[in-house]
Every structure is written in C-alpha cells, then in structure tokens.
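Working notes, structure below.
The values are calculated or read from the model by the stated rules, or taken from the named source; none is laboratory data. Keep in mind that this is a model prediction, so the values were computed, not measured. Every residue, glycine as well, gets a Cβ built from its backbone with ideal geometry; the counts of neighbours run over all protein chains shown. SASA here: full protein model, heavy atoms, side chains in, ligands and nucleic acids out. Shrake-Rupley method; radii C 1.70, N 1.55, O 1.52, S 1.80 Å.
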Amino acid sequence: SLASTAITCFTRGLDLRKDTEDVLCPANCPLWQFYVFGDGVYASLSSICGAAIHRGVITNAGGAVRVQTLPGQENYPAVNANGIQSQVLARWASSFSVTRTKNTALEAVGRSVSTARPSTGKRPKKPLDKKAGNKDCKADIAFLIDGSYNIGQRRFNLQKNFVGKVAVMLGIGTEGPHVGVVQASEHPKIEFYLKNFTATKEVLFAIKELAFRGGNSNTGKALKHTAQKFFSLENGARKGIPKIIVVFLDGWPSDDIEEAGIVAREFGVNVFIVSVAKPTTEELGMVQDIGFVDKAVCRNNGFFSYQMPTWFGTTKYVKPLVQKLCSHEQMLCSKTCYNSVNIGFLIDGSSSIGDSNFRLVLEFISNVAKAFEISDIGSKIAAVQFTYDQRTEFSFTDYTTKEKVLSAIRNIRYMSGGTATGDAISFTTRNVFGPMKDGPNKNFLVVLTDGQSYDDVRGPATAAQKAGITVFSVGIAWAPLDDLKDMASEPRESHTFFTREFTGLEQMVPDIIRGICKDFLESKQ
C-alpha cells in the first residue's frame, strides 16, 4: 500500500510531482493564512491542506488527503466553507481535487510531520529576501493592457512579454511592489488582483496565461473601471502605498478618456500612459481627441507619458519605465482631498438649539466626515463643542478609523448655554490645530452656529486663517450673515453657508465636501 507524504500547511498543488498522491496534513494550520482558489476544483496555486479543510475532507486536526491533478480551467469561484474563504481566480493552467484516502496503511508514515520540509527543495536561507521583494519600490500597480483589435493577437503577445519584463525588474514581493492586470477591449476585464500573487514567478505565469479578447479599444471605460474597482482593500490595495495604473495603448482609444482621467485623479490614482505606434498624420483624422494622453495622465508634466515606437525590441525601454514607477516622490496624484485633510468641527451647544436640532447638527457632521478616508496616515477629524465654555469632544489623534470617529460623533452630549464663538475659535486654533501645525495634511475648520456671538469673531477667525486653517462658516436660523462672513475664508461667498431650518443642513453636505476638495486642489497647484 502507498505511504502518505507528510506536507506542510503551505504546500501547494503545484508543488506535488505525481498525478495522484496521498499526503498527510499537519494539525493546527493557521486558517487565515491559507490561500485557496476555487471550490471542489482548486487552482494548483492553492494550499492543499487549506483546500482539504475547505472541502471538509479533514478538519484542522489534520489527516490524510488524496490529491488528484486536474486540467486548468477558467473562473474558479470564491466560496466560504468550514472557516476558509476561498478566492476568485480568472484562470490557471492546472487544478486539483481533494478526497479522503482509502484507508492505506498510514502507519507506514515514519516521517514526523513537523520536520517535513516543503517540497520546493530550496535551501531556506536565500529565498527570504527574494520573497520580500524590492523594499525601495513601494507601489500597487495595475497594468491596463490593450486587448483590442487595434493591437491584434501577435502584438498582444509582444505586449505580454514587455509587461513580464517590467514585472521582473520591479522586484515584486510581499514588501515590495504588488501588481495586477486588467485587459481593455470592448469591456474591461480584471484578469488578476494585487492580492492574488506576491511572487514574480506566479505573476509571470499568470501574464503568460492571459488570453487575447479583441473588440474596440475602450480604454476610457477600462481606466475608469480600474480606478474605481481595482484598488479596494479587499482586493489587496495597501494603505499609504501609491496606487498606479500603467495604461498600454496601441494606436488610440475608441472612447473618451478625459472623464476617466478625472475619476482616477479623484481616487488618488497615478495614471501613466505608455503609447506605442502613435497615430500617423493620416490616422489623426480618426482620433476623437488628439490630446488624449495629456487628459488621462496624472499630471501633464511629461513624467507620466512614455512612448515606444513599436512592440519590437522593447527591452531597452523596461528600465526607464521601472525607474519612473518606483519614484515614490513623483506620484503627485496619491494625495487627494479625501486622504490628506484635517477637518475640525466647532459645534454651537447654546440653549437656543435644543436637543432634537442638536441631533441634526451631529448628523450633518457625520455625513461630511463619512466622505473622507480616515486613518493614522490619512485624513483626521476633531470636534469641539462650545457655549461660553469650550469642550474638546475628541482631538485629531484620538480616533484613526472612520467607525470610531462616527461613533464618537454620535456620543457627543448637548451642553446648552450661551454663545461665545470668537473664544471658541481661538481655543480650537490653539488646542486642536496647534499640535497638527507641521503635519502633512491641510487644515479645515467648519464652524456651526445658530445665533449671534457675544464676542468678536473676526479677530480669532483671522488668526486661525493666518495659522493656515481654512474656515467654512455654517449658519442656521438666527445666525447673522455679517458674523458668518467675518469668520469665513476668502473668497467669502464660497466659504459661507446659511439655512433657515436645521433640516436644511442635509442639502449642504455635498457642497461642503466639494468646497474642501476645491481648496485642497488649489493649494496643491
């Protein structure tokens, strides 16, 4: 009878050599570390023991599993089973299934599981650094490849070779760059995500497997789709690491690319365009928009566009492109108003407001805060309530997740009392914004009040603006327009808001967010 081979938690289907093999999984593998793709039929990239637990063949106590090699397939589904969430994979070259072993003499296994090496046969010393990748190049990159009839099957293959060379030179690894691929044709298709592979070898294999789709060159549609969908945290994007899309274009796009460029910039994505075989003079008449490159790239400063005359002999173009992609400090589009601002809310707690209106004020603040990417390296929120007195409800460094900020806003208790807005502005400038003075984020103060202040507001507001804080004033009910304008930053019209009723606050939310983003962008120009 066959003896089972002892394997580790991380041995993958592709590490086995035989078509049918009996293996023995160890106990207590960390479930959250398993990479499993598919359900029933698993991509050979999957962990064998992970797949066996997912399938219910064994439990986490380990045990014997029969592995059967199967041909590759398309669309391995994601299914949650037995504590393991398997992942989607568009296609892979080989698969396997797992079943219970027919009672072979397991006793024949003399080797102890714990000392069994994974069957890669490498010496354990070197690969560790290779796994980490090039730590000096921190980037999350989507290669948006051209899969249109413009390029055709033959040049599509040359394009794949070029992307493969770029991937090798980047130094992909757990702590280095991560890459994924999207194919643009009639409809965009995300071929694989950032999280799917963190080793060059796997990425190369996946690139080699890409199939040409054909269709119109709807690059704009694909760029917009990639900017919106590709870089989510679930799909493997990492916080604080530049997001980059490298668009490969053979000829020119069939659709409009300008709007996609705007969306990408709004999402904090740095767009590069690699154009190959520029339109000839005769062809220019067919191009919708001659300036398509300038409209799509992150900044029209020459850095983000790259030209290659043809797909032949492209090796010499690999290194200069990789150097650009690894130039962290040139990624001007990574900082957006959503991830690079501090917003302080100064809330009137005077007795004229009343409990139910105070709730509406808090709701308004939540809705504004919700729009921003709040984290220790992103945007931050603070709140101060005032009457004659001031109370810091929470400061910029108290909460670094959106959930915690929103729950802190909900828990603010209404004070009730007089109205000294000027004093409150001075207090907030000093105590809440003071500690953030030299930070990277741009500072905003949103003052909410429903009435006349007992003290001067103009002096304190001017001092706040001199300290680099942009002030928006939001008045409700009896707040005098003169006070509101005196507090607001220039141009005062666009920084002053007023509503008769507290219920009118809701409509102002998008305008405040847009105002903050407009100021942020202007400060960056």
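Table for the structure above
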quantity	calculated
Helices (runs of 4 or more DSSP H) lying entirely in the stretch 472-525 (those with 1 or more residues that are among the basic types (Lys, Arg) and modelled with pLDDT under 95)	505-524
So Arg66, is it modelled with pLDDT under 90 and among the charged types (D, E, K, R)	no
Where Lys201 falls short, out of the listed (1) within 23 Å of Cys333 (Cβ to Cβ); (2) open to solvent by 10 Å² or more (accessible area, probe 1.4 Å)	(1)
Residues of the stretch 54-67 classified as open to solvent by 10 Å² or more (accessible area, probe 1.4 Å) and at negative phi, total	8
Subset tally (residues that are closer than 14 Å to Gly220 by Cβ and surrounded by 23 or more Cβ atoms within 10 Å (Cβ to Cβ)) for the stretch 230-268	8
Single unsatisfied condition, Ala371 versus (1) open to solvent by 50 Å² or more (accessible area, probe 1.4 Å); (2) touching a Pro at 6+ places or on another chain (Cβ under 9 Å)	(1)
The one condition in (1) without any contact (Cβ under 8 Å) to a residue 12 or more places away in the chain; (2) not in a helix (DSSP H, G or I) that Arg359 fails to fulfil	(2)
Among residues of the stretch 17-34, those that are in a loop (DSSP other than H, G, I, E, B), open to solvent by 20 Å² or more (accessible area, probe 1.4 Å) and touching a strand residue (DSSP E or B) at 6+ places or on another chain (Cβ under 6 Å), counted	3
Some residue of the stretch 176-190 being outside any loop (DSSP other than H, G, I, E, B) and more than 16 Å from Phe231 (Cα to Cα)	yes
